[in-house]
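Enquirer: My questions all concern the structure below.
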Amino acid sequence: MATDVRTIDLGALHAELEERVGEAAQRLGVPGVAIGLYAGGQEDYLYHGITSLENPLAVDAATLFQIGSTTKTYTATIMMMLVEQGLVDLDAPVRTYVPELRLKDDSAAQSVTVLQLLNHTAGWSGDLHESTGDGDDARERFLAILAKATQNDPPGKVASYNNAAVNLAGLVIERVTGKTYEAVVNEMLLQPLGMAESFFFLNDVITRKFVVGHRKRKEQMQVTRPYALPRAVAPAGGIISTAADQVRYARFHLGDGTAPDGSRLLSDASLQRMRQPTASLHGAVLGDFVGISWLMRDVGGVRVLAHGGSTNGQQSSFDIVPERDFAVTILTNADEGALLHRELTEWILATYLGAVEPEVEPLPLTDEDAEALSGRYSAVHAYVDVARDGDALRLVISYTPDGERMIREIVGEVPEPKPIHVKLIPGDRFVVVDGDARGMKGHILREGDAVRALNVGGRLAYRTTA
Amino acid sequence: MTTAPLAGTSLDSARAQEALEDLIARHDIPGAGFAALRDGEVVATAAAGVANLDTGLRVTDGTIWQPGSIGKTYCTVLVMQLVDEGLVDLDRPVSGYIPGLRFADETATRTVTVRQLLSHTSGIDGDRIDETGALFGRSDDAVQRYVASLADLDQIVEPGRLWSYCNAGYIVLGRLVEVIRGATYESVLREKLLEPAGLGNTFCFPEEVVARNTAVGHMPSPDGTLKVAPIWVMGRSGGPAGVVPYASMTDLVRFADILVRGGIAADGTRILSAESVAEMQRPHAECPERELLGGHWGLGLLAKLDPGPAVYGHDGNTLGQTAAMRYVPERNLAFALITNRHQTNMLFAELCNAIVDDWAGITTARQRKPVEGMQVDASERFTGTYANVAAEIPVALSDGALSMELRPRRALAEPLDLTPFPLRPLDDATFLARIDIVDDDLQVAFLEPDAGGRPRYLHFGGRLYRRTA
């Protein structure tokens, strides 16, 4: 429990933060970083590096980053506003608003609720990345793709990261408002919050200063292409924004539901409701619990609400701490930025808030567990092969032919499968002990004594018989 | 016919760079690109200024631009490939190829041919463009939806008689390509032209160019300061009329080189038959803008035939970028200029006179200027109001001086000058209008006098306007 409630002085810590950002960016090869901090009325910003290795411009206050899945919280916020307007019931079946919803499993299509779209418990495989074009009907056309989604669990049972469900939530928003998702977000959230530098469309990005993604290929950091923004996915990850605009958004969620001009956008009760745990994340990589879109974890007893983002070569974090009136967002233009924002967020929470999560001692690996866990697991486009390696388990992730094709389409190439090692920790979880993902936690889903699935990177991979 | 001596008149990148930098400095242009090619080799490139005034990104040889309506020449190549394959007959009505195609005029629907669309002689009142995509969207059916909306598009003149630049006509041609190939316009462009010709720096979608050095357009605001043009992604339905492709200057001249070589790409791949290229270059109509656009039009190409050698090409204007491409088959060369400032067309001649004409052995004419003190008898007969689907032009006489106004019929994204332009005579039916906002004189021609000597048509900016009052 954090007993010392420090007065946070952002200015005093700026120089050290700047040094740390510079060092981490250099070490990890991240070309550009923008950080926005808010603490009890103060704001602080830090800009580092360049927008693109090919066409370098200095990262500054006007620079646009893809915030990726932080957008999911915008979608959820809009949904809460529509609930308050009496247009949506969170516990109503999605078919109330989208009667023609089809899934492979018809009982799931019948029963899945709006809430279950916003807390990753919809139960189908959620990484459905087929393009549905760039028209206003992109989410409508997505219904045809959803109809092919494999149902892994009945809705509401387990949390497994689900992008497709949030796209569907976006369609619900479109159906009840009669407007496009982007127009609704603009009208109901971006404009009232004075977020004039947040966009969905390429036309707004291409005329401004923006970062492009980067990834290390063959030991060299390179620009990633495409700068992907498939329209169907806008509700799950489409916003492009600045650090300052993200801080405006954070301040809204830290406030009482009013806009800067005093007009009420959302009741305080609804803001709070979004923070009530609705499903367990088992202390794995995404956190302890999910609320209504918020991924929540306790760091040294301090409750942190989060939602970072991950696009083609841009990685970002977004963390707010209501009990300390604090927020930090770290936007980067490289895949390796994920390591940077994890390291820095950990340091920032510890240094600014005194919030530190104690290290967990790994458990010895019993023969029983090794036996129960070894084997092959499959996720929608990938396999995870697990085998004992001394006191640890070795995991190798490989892709199905379809998965490889999709990854090539989105990312341009298929990464080399690199084995990672994990050790067991309390709570039926495991922790990665080597490589870039070191420290990342996953968890084991059992049915009786048998291992049913592994949560790896937030998604469930199910035990196959092979 | 003169053939200028070629020995000793060289053009290299250093010379081009100097001239380009001088041009943009004198005319307050943010950035520009230039490339010249001869005998299949790029001999000079130049890249000056910034691609975007707000971000300061510098123009390089790799910068991707919006060549605008030069895209119509690409569209023409795709149509002529269909002719080569025996899938299209230029002189058949286009409605025979596109089921359900209808224009407002029944005769036009039945008789407008593919050839007439290619040569801007269909007479369709054609300046309808979905600039932002708000009307017809950005899905694969954008071109189809646009073409379906033409049922209320009238004629400005009967088919086959007069030349009037027609964007709608080219979008119909794009739809022709889509219907016959069974694929989207962009995919045909890529498969049938860009890939076989090795044009790797030419693109069809904004998503492909966003993570590159991409130039944005600039337009003067009412107070005269230059601002980044707010619309870069233009409506997808305009693709065949020139919204696509996006290209580097080097790729643009390498495309022109295909036509220089009679239809063959640099690596020997045949893109088009020599007969089709010849047909594209054959003059099909007279074009009143002799200095600006050469005086004749072929298929997808302007043609300047007199004095020789023959120069072919196309201009392009988007919201904030101005492009010109020319090639001279007789000299085996091609060149192109683009700026990211709105409507700088008149500077092309200036640059050509400075560094291209001697090298190419051509003479690029500047706009004729009025002769001092010239009077035109019975100026009264020009007065009245002329109109087309895009705008209305009232012409008035005051104190013996003619003037015209340009009144658009819908909100435009571009800046406008709504004050009257004085008209000064070039000859007894052609005038120059002084347009301050582009710092230039544009030609106004009066055509087809009726029995009373009053012109029935006004030709301005490439388009016909018909007398309504």
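Enquirer: Go through segment A:407-432 residue by residue and tally those that are in contact with a Ser or Thr (Cβ under 9 Å, 6 or more places away or on another chain) and not small (Gly, Ala, Ser). Talk me through it step by step, then tell me what you get.
Expert: Filtering segment A:407-432 down to residues in contact with a Ser or Thr (Cβ under 9 Å, 6 or more places away or on another chain) leaves A:409, A:411-412, A:417, A:424.
Still in the running and not small (Gly, Ala, Ser): A:409, A:411, A:417, A:424.
The total comes to 4.
Enquirer: Using the structure shown, decide if A:Phe289 is among the aromatic types (Phe, Trp, Tyr) and out of contact with any helix residue (DSSP H, G or I) (no Cβ under 7 Å at 6 or more places or on another chain).
Expert: yes
Enquirer: May I pose another question? Checking the conditions here, which among B:Pro5, B:Pro30 is in contact with a His (Cβ under 6 Å, 6 or more places away or on another chain) and either at pLDDT below 95 or not hydrophobic (A, V, I, L, M, F, W, C) (or both)?
Expert: The match here is B:Pro30.
Enquirer: Kindly indicate which of A:Ser131, A:Ser125 is in contact (Cβ under 8 Å) with a residue 60 or more places away in the chain, within 14 Å of chain B (Cβ to nearest Cβ) and under 27 Å from A:Asn455 (Cα atoms).
Expert: Matching residue, one of A:Ser131, A:Ser125: A:Ser131.
Enquirer: In segment A:303-322, how many are at pLDDT below 95 and either farther than 20 Å from A:Ala34 by Cβ or surrounded by fewer than 23 Cβ atoms within 10 Å (Cβ to Cβ) (or both)?
Expert: 2
Enquirer: Taking A:Val432 as meeting all but one of (1) more than 21 Å from A:Glu346 (Cα to Cα); (2) out of contact with any helix residue (DSSP H, G or I) (no Cβ under 9 Å at 6 or more places or on another chain), write down the number of the exception.
Expert: Exception for A:Val432: condition (1).
Enquirer: Going by the structure shown, is A:Ala138 out of contact with any Gly (no Cβ under 8 Å at 6 or more places or on another chain), of a type in the set (Gly, Ala, Ser) and without any contact (Cβ under 8 Å) to a residue 24 or more places away in the chain?
Expert: Details: out of contact with any Gly (no Cβ under 8 Å at 6 or more places or on another chain): yes; of a type in the set (Gly, Ala, Ser): yes; without any contact (Cβ under 8 Å) to a residue 24 or more places away in the chain: no.
Spelling it out, it is not the case that A:Ala138 is out of contact with any Gly (no Cβ under 8 Å at 6 or more places or on another chain), of a type in the set (Gly, Ala, Ser) and without any contact (Cβ under 8 Å) to a residue 24 or more places away in the chain.
Enquirer: Name the helices (runs of 4 or more DSSP H) wholly inside segment B:60-149 in which the number of residues that are within 28 Å of B:Asn213 (Cα to Cα) is 3 or more.
Expert: The qualifying helices (runs of 4 or more DSSP H) are B:71-84.
Enquirer: Going through segment B:351-387 one residue at a time, which ones are assigned to a helix (DSSP H, G or I) and surrounded by fewer than 16 Cβ atoms within 10 Å (Cβ to Cβ)?
Expert: B:Asn353, B:Glu380
Enquirer: May I pose another question? Can you confirm whether segment A:371-394 contains a residue that is of a type in the set (S, T, N, Q) and outside any helix (DSSP H, G or I)?
Expert: Among the residues of segment A:371-394, at least one is of a type in the set (S, T, N, Q) and outside any helix (DSSP H, G or I), which makes the answer yes.
Enquirer: Looking at segment A:215-241 only, could you name the residues that are within 14 Å of another protein chain (Cβ to nearest Cβ) and within 19 Å of the chain's Cα centre (by Cα)?
Expert: A:Arg215, A:Tyr227, A:Ala228, A:Leu229, A:Pro230, A:Arg231, A:Ala232, A:Val233, A:Ala234, A:Gly238, A:Ile240
Enquirer: Let me ask something else about it. May I ask you to verify whether B:Phe103 is under 14 Å from B:Leu150 (Cα atoms) and within 14 Å of chain A (Cβ to nearest Cβ)?
Expert: Answer is no for this residue.
Enquirer: Also, quick follow-up: Filter the helices (runs of 4 or more DSSP H) completely within segment A:130-185 down to those with at least 2 residues that are surrounded by fewer than 20 Cβ atoms within 10 Å (Cβ to Cβ).
Expert: A:138-146, A:163-177
Enquirer: Give the residue that is nearest to the other protein chains (Cβ to nearest Cβ), with candidates limited to residues of segment A:186-214 that are assigned to a loop (DSSP other than H, G, I, E, B) and of a type in the set (Phe, Trp, Tyr).
Expert: So the residue we want is A:Phe201.
Enquirer: So which residues in segment A:256-278 are under 22 Å from the mean Cα position of the chain (by Cα) and either more than 14 Å from A:Ile78 (Cα to Cα) or assigned to a helix (DSSP H, G or I) (or both), if there are any at all?
Expert: Within segment A:256-278, the subset under 22 Å from the mean Cα position of the chain (by Cα) is A:270-278.
Residues satisfying the conditions are A:Ser270, A:Leu271, A:Gln272, A:Arg273, A:Arg275, A:Gln276, A:Pro277, A:Thr278.
Enquirer: Just one of B:Gly137, B:Gly160 is farther than 17 Å from B:Val389 by Cα and within 14 Å of another protein chain (Cβ to nearest Cβ); which is it?
Expert: Result of the check over B:Gly137, B:Gly160: B:Gly137.
Enquirer: Does B:Asn167 satisfy the condition of being under 28 Å from B:Thr468 (Cα atoms), among the polar types (S, T, N, Q) and in contact (Cβ under 8 Å) with a residue 60 or more places away in the chain?
Expert: On the way: under 28 Å from B:Thr468 (Cα atoms): yes; among the polar types (S, T, N, Q): yes; in contact (Cβ under 8 Å) with a residue 60 or more places away in the chain: yes.
Taking the combined requirement at face value, the residue satisfies it.
Enquirer: So which residues in segment A:279-288 are touching a Leu at 6+ places or on another chain (Cβ under 7 Å) and either assigned to a loop (DSSP other than H, G, I, E, B) or at pLDDT 95 or above (or both), if there are any at all?
Expert: Residue satisfying the conditions is A:Leu286 alone.
Enquirer: Of all residues in segment B:26-37, how many are within 23 Å of the chain's Cα centre (by Cα) and surrounded by fewer than 24 Cβ atoms within 10 Å (Cβ to Cβ)? Show your work before the answer.
Expert: Kept after step one, since they are within 23 Å of the chain's Cα centre (by Cα), are these residues of segment B:26-37: B:27-37.
If we keep only those that are surrounded by fewer than 24 Cβ atoms within 10 Å (Cβ to Cβ) too, we end up with B:27-29.
So the count comes out to 3.
Enquirer: Can you confirm whether segment A:424-432 contains a residue that is surrounded by fewer than 14 Cβ atoms within 10 Å (Cβ to Cβ) and within 25 Å of A:Gly213 (Cα to Cα)?
Expert: no
Enquirer: Give, as residue ranges, the strands (runs of 3 or more DSSP E) completely inside segment B:209-313 that count at least 2 residues that are within 14 Å of chain A (Cβ to nearest Cβ), in contact (Cβ under 8 Å) with a residue 40 or more places away in the chain and not basic (Lys, Arg).
Expert: Hits in segment B:209-313: B:218-220, B:226-228.
Enquirer: Between B:Ala451, B:Ala360, which is more than 21 Å from the chain's Cα centre (by Cα) and under 30 Å from B:Gly217 (Cβ atoms)?
Expert: That would be B:Ala360, the only listed residue that is more than 21 Å from the chain's Cα centre (by Cα) and under 30 Å from B:Gly217 (Cβ atoms).
Enquirer: I would also like to ask the following. How many residues, within segment B:185-199, are under 23 Å from the mean Cα position of the chain (by Cα) and either more than 14 Å from chain A (Cβ to nearest Cβ) or assigned to a loop (DSSP other than H, G, I, E, B) (or both)?
Expert: 9
Enquirer: Take the residues in segment A:28-46 that are without any contact (Cβ under 8 Å) to a residue 60 or more places away in the chain and touching a strand residue (DSSP E or B) at 6+ places or on another chain (Cβ under 7 Å); name whichever of them is farthest from the other protein chains (Cβ to nearest Cβ).
Expert: Among those residues, the one meeting the criterion is A:Asp44.
The values are calculated or read from the model by the stated rules, or taken from the named source; none is laboratory data. Computed from a prediction, not measured in an experiment: that's the story for all the values here. Note that we place each Cβ from the backbone using ideal geometry, even for glycine, and neighbour counts take in every protein chain shown.
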